[in-house]
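Input: a single structure, listed below in structure tokens.
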Amino acid sequence: MSRDILQQIEARNADKERSIGAFDIGDTVDVKVKISEGDKSRIQNFTGTVIARQHGGLRESFTVRRLVDGEGVERTFPLHSPHVVGVEVKRKGVVRRAKLYFLRDRVGKATRLREKRVAVEEVVAAGDGAAAKKGGRKRGAKAKAERKARAAAEGAGKAAKKGKKQKAAAE
């Protein structure tokens, strides 16, 4: 019964959801938090690693952990709170778990996660009419065969040119 009421309220307020930014567990993020002190308000950054995301919909929250003077500090932020102004991803992390609570036992450099390498797709138009490819060298047996065929074709072309030069020199 109460679940139906919550779903109705979430559906009604779904259009009010605002885009915070896409981030995942393991990412190092800057959470921009609005802090009110008296009649003044300011925005403060909380930088750390996202170790968990809980719930979903309008009730979704996420936990960010950081080390301050060798002491671990964790803060849980409601994703759709008016106090959370934005979330900026500084670094993407490679993780294989949904919750990174094991980082609580680690200190110093051991808390670092491997960085996810985002491939920059650089389209290179091939002059021989082949399909465009991503930047970098292809690997595998098929690519090796292609390279050998290309080298043989270039070698045959060079040999033909060399033969013409020798004929011209002999005449």
inquiry  = Give me the residue from the range 60-92 that is free of Cβ contacts under 8 Å to residues at least 40 places away in the same chain and not in a strand (DSSP E or B) and, out of that set, nearest to VAL31 (Cα to Cα).
reply    = SER81
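A quick yes/no check of all residues on (1) small (Gly, Ala, Ser); (2) closer than 22 Å to ARG53 by Cα; (3) at pLDDT 85 or above; (4) open to solvent by 90 Å² or more (accessible area, probe 1.4 Å):
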site	(1), (2), (3), (4)
VAL120	no, no, no, yes
ASP128	no, no, no, yes
ALA141	yes, no, no, no
GLU146	no, no, yes, no
ARG150	no, no, yes, yes
GLU154	no, no, no, yes
GLY157	yes, no, no, no
ask   = What are the residues in the range 49-107 that are surrounded by fewer than 17 Cβ atoms within 10 Å (Cβ to Cβ), more than 25 Å from ILE35 (Cβ to Cβ) and among the aliphatic types (A, V, I, L, M), if any?
value = VAL94, ALA98, VAL107
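Residue by residue through the range 28-48, note down the ones that are over 21 Å from the mean Cα position of the chain (by Cα), of a type in the set (Val, Ile, Thr) and open to solvent by 50 Å² or more (accessible area, probe 1.4 Å).
We begin by selecting, within the range 28-48, every residue over 21 Å from the mean Cα position of the chain (by Cα); these are 33-44.
Filter once more, keeping what is of a type in the set (Val, Ile, Thr): 33, 35, 43.
Across the range 28-48, the qualifying residue is only ILE43.
The values are calculated or read from the model by the stated rules, or taken from the named source; none is laboratory data. Computed from a predicted model, the values in this text were never measured in an experiment. Note that we place each Cβ from the backbone using ideal geometry, even for glycine, and neighbour counts take in every protein chain shown. Side chains are part of the model used for accessible areas, which takes the heavy atoms of the whole protein and leaves out ligands, DNA and RNA. Shrake-Rupley method; radii C 1.70, N 1.55, O 1.52, S 1.80 Å.
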